[in-house]
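One structure below.
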Amino acid sequence: METLHMEIKDKAWWKEVVIYQVYPRSFKDSNGDGIGDLPGLLSKLDYIQSLGVGLVWLNPVFASPNEDNGYDISNFETIQPEFGTMADINALITGLHARGIKLLLDLVINHTSDQHPWFIESRKSRDNQYRDYYHWWPAEKGEPPKRFSFFDPDQNAWKYDVATDSWYLHYFAASQPDLNWENPVVRQQIYQMIRFWLDKGVDGFRLDAITYIAKDINFPEITEDELKEKYENNWSYYYSKGPKLHEYLHEMNQEVFKGRDMVTIAETPGIEKEDALKFVHEDRQELHMLYHFKGMELGYTHHAFKQPDPEGYKLSEFKKIYSEWSDAFASEGWGTIYLGNHDQPRMLTRWGNDAPEFRLASSKLLTTFLLTMRATPIFYNGDELGMSNIKFEKISDYRDIETLYMYQYIQKQGGDVDQFLRDQQISGRDNARTPMQWDASENAGFTSGESWISINPDHVYINETAQDADSNSPLNYFRKLTALRKEYLELIYGAYTLYDAAHEQVYCYTRTINGSGIMVVLNFSSELVHYQLPEELPLKNSEPLLNNETSLQMEINRLILLPWQALLFELE
């Protein structure tokens, strides 16, 4: 293979950082009410600094009725009292910056809470000045065209409101009405609010469901055949193609982001890799980075809601997705990579193996993958410890609106709710929302009170205190790898080349700059694997740069890989 020669161009701090996502409700409680809060987070800033991360993504802490755990905002410029005060967020900005870490706020601007003053006014009368802040369909026009809702027990995105004899649009829950971005006054209000936070010192935003903001306000009928043929039977693919989406993103860039040292990360459901550069190509002046959902769709049967395939996922398909998305940004733009977040189950359970004999190795392997790919890695709190799914058995254990509403929907349809609960043990979002495991005490060091959601019983042996003292722990492995990523620029900017694409157990790739580089070898299986290294890749020496196990079996260029073994080698 001819080595790809390249220069490092377009360097940026947001390409070089590791992003650490904090779900504040479950991170650290300071006052014993069982809910994580900003003072609790402030008490753990030294821990976050010790991880070697450079940017904290904070899930929403704005005022909210919490129908969807903060993704239903009732005031964009006020902090939810259970999380703390504006003084606390100011202290967080100051405390992170003092430690060389930046802050990314999670911003929900596709919709608001139905308790937001704008919507309270909007629903009062048809001639209210806030009426056009949202999408309304008057009853005299008949039933509105079908639109799908992700969080509605009937999956209906139109909610009838008797006060004005009209329906309003909500792609998510009925308590989350969609904003009317087609109204320029709404857009200016949003831009003003974003400037408010930037002027406070916030370093950027993760933009929730940003691909959904633009609507075709004629609301044409979408037939089942059209949905199947044009949009893969997935409403996300339709919602993400609003006619003025890129016009609005460019306008927001020009009016708010331009000229500021900041970063935006777009959550982009419904987007294919062919469309990615429309969002993040520098010349388009829209956003900085995005994250996609193609990887998250892997390993499900698609016969039922988030139903895990009993055969698991095929590594060749996993490699194909992540290689293609890496290639999408090979010369222009920039991407992110993640395997877990607040909307996904724990990455160890979903992508690794959480059985006791494989938990440590597979947790470290997944960390290796995330921190050595050509993208900015997003790491969800607790994954550095190898936290796993709690696997609730009863619907009463769940708090997540998605699980609760889907249970109601399946129940109404006469479906198999028991099977649904078994599926949710692997795929449910609440698996990632159980509290951070700080120590082995009764409440895992998270709270002195009763937690808002159950604490995983495995915290007695999976916790930060124990792992901090263990040099071989997933936590300390994570710290080694963040340090290594800073030392070797190849792991950030180097060209990505995949080897043995069809191999169903080993993922092998290189990261190179001008001939020098690193080879990554990952055994994505629970078996011993004999693996022949590519002949065209001479190693600098046979000692690995990093090994997630304590031993290495190697004969010339032939490896005997332990289950879930991860290796980094320097190339000549």
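The values are calculated or read from the model by the stated rules, or taken from the named source; none is laboratory data. Just so we're clear, the structure is a prediction, and the values are computed from it rather than from any experiment. Neighbour counts are summed over all protein chains in view; Cβ atoms, including those assigned to glycine, are modelled from backbone coordinates with ideal geometry. What goes into the accessible areas is simple: the full protein's heavy atoms, side chains included, and nothing from ligands, DNA or RNA. Shrake-Rupley method; radii C 1.70, N 1.55, O 1.52, S 1.80 Å.
By DSSP, the beta bridges lying fully in the chain are antiparallel in about 65 percent of cases.
For the pair region 346-388 / region 13-59, the C-alpha centres are spaced 18 Å from each other. Relative contact order for region 5-53: 29 percent, from Cα pairs under 8 Å spaced at least 6 residues apart, divided by residue count. A Förster radius of 30 Å, combined with the Cβ-Cβ distance separating residue 255 from residue 85, puts the computed FRET efficiency at roughly 0.55. Averaged over its residues, region 427-516 has an accessible area of 35 Å² per residue, based on protein heavy atoms and a 1.4 Å probe. Annotation: per residue accessible area for region 275-406 equals 33 Å², rounded to a whole number [probe 1.4 Å, protein chains only]. Rounded if a/c is under 1.5, else prolate if a/b is larger than b/c, else oblate: which is region 19-65, with a ≥ b ≥ c the root eigenvalues of its Cα gyration tensor? It comes out oblate by the Cα gyration axes.
Cα centroids of region 253-326 and region 395-440: 24 Å apart.
Would you calculate a helix-derived [θ] at 222 nm for the chain, using -39,500 (n - 2.57) for each DSSP H run of n ≥ 4 and dividing by the full residue count, to the nearest 500? Mean residue ellipticity, 222 nm, calculated: -7500 deg cm²/dmol. Count the net charge of all other residues whose Cβ sits under 14 Å from the Cβ of residue 524, scoring Lys and Arg as +1 and Asp and Glu as -1. Its environment carries a net charge of +1. Relative to the longest principal axis of the Cα atoms of the chain, the long axis of helix 359-372 lies at roughly 80 degrees. Given axes a ≥ b ≥ c from the Cα gyration tensor, I'd like to know whether region 402-536 is rounded (a/c under 1.5), prolate (a/b larger than b/c) or oblate. Taking the square roots of the gyration eigenvalues as a ≥ b ≥ c, region 402-536 is oblate. Once each part is reduced to its C-alpha centroid, what is the distance from region 467-517 to region 551-572 in angstrom? One Cα centre to the other: 13 Å.
What FRET efficiency comes out for residue 327 versus residue 140 if R0 is 56 angstrom and r is the Cβ-Cβ distance? Round to the nearest 0.05. Calculated value: 0.60.
A convex hull fitted to the Cα coordinates of region 205-282 yields 90 cubic angstrom per residue. When only Cα pairs below 8 angstrom with a gap of at least 6 residues are kept, the chain shows a relative contact order of 14 percent.
P(r) tail for region 282-347: Cα pairs beyond 13 Å make up 70% of the total. A quarter of the convex hull surface defined by the alpha-carbon atoms of region 399-468 gives 5.3 nm² as the mean projection. A simple charge model with +1 on the Cβ of Lys and Arg, -1 on the Cβ of Asp and Glu and nothing else charged puts the dipole of region 367-457 at about 280 debye relative to its Cα centre. Convex hull volume of the C-alpha atoms in region 166-215, normalised per residue: 102 Å³. When you work out D = kT/(6 pi eta Rh) for region 440-518 at 10 °C and 1.306 mPa s, using the Kirkwood radius from C-alpha pairs as Rh and the Stokes-Einstein form, the result is 98 µm²/s.
For region 264-419, the extents of the C-alpha atoms along the principal axes are 50, 39, 28 Å, listed from largest to smallest. Percentage of Cα-Cα pair distances in region 318-406 greater than 19 Å, rounded to whole percent? Within region 318-406, distances greater than 19 Å cover 49 percent of Cα pairs. When the solvent-accessible area of the chain is split by element, carbon and sulfur atoms take up 47 percent of it, the probe being 1.4 Å.
The angle between the Cα long axis of helix 474-487 and the longest principal axis of the Cα atoms of the chain comes to about 80 degrees, rounded to the nearest 10. Rounded to the nearest 10 degrees, the angle from helix 401-412 to the longest Cα principal axis of the chain is 70 degrees.
For region 207-264, the solvent-accessible area works out to 50 Å² per residue, with a probe of 1.4 Å and every protein chain left in place.
Going by the alpha-carbon gyration tensor, a ≥ b ≥ c the square roots of its eigenvalues, is region 1-146 rounded (a/c under 1.5) or, if a/c is not under 1.5, prolate (a/b greater than b/c) versus oblate? Oblate, because a/c is 1.5 or more while a/b does not exceed b/c. Charged side chains reduced to their Cβ positions (Lys and Arg at +1, Asp and Glu at -1) give the chain a dipole of some 780 debye around its Cα centre.
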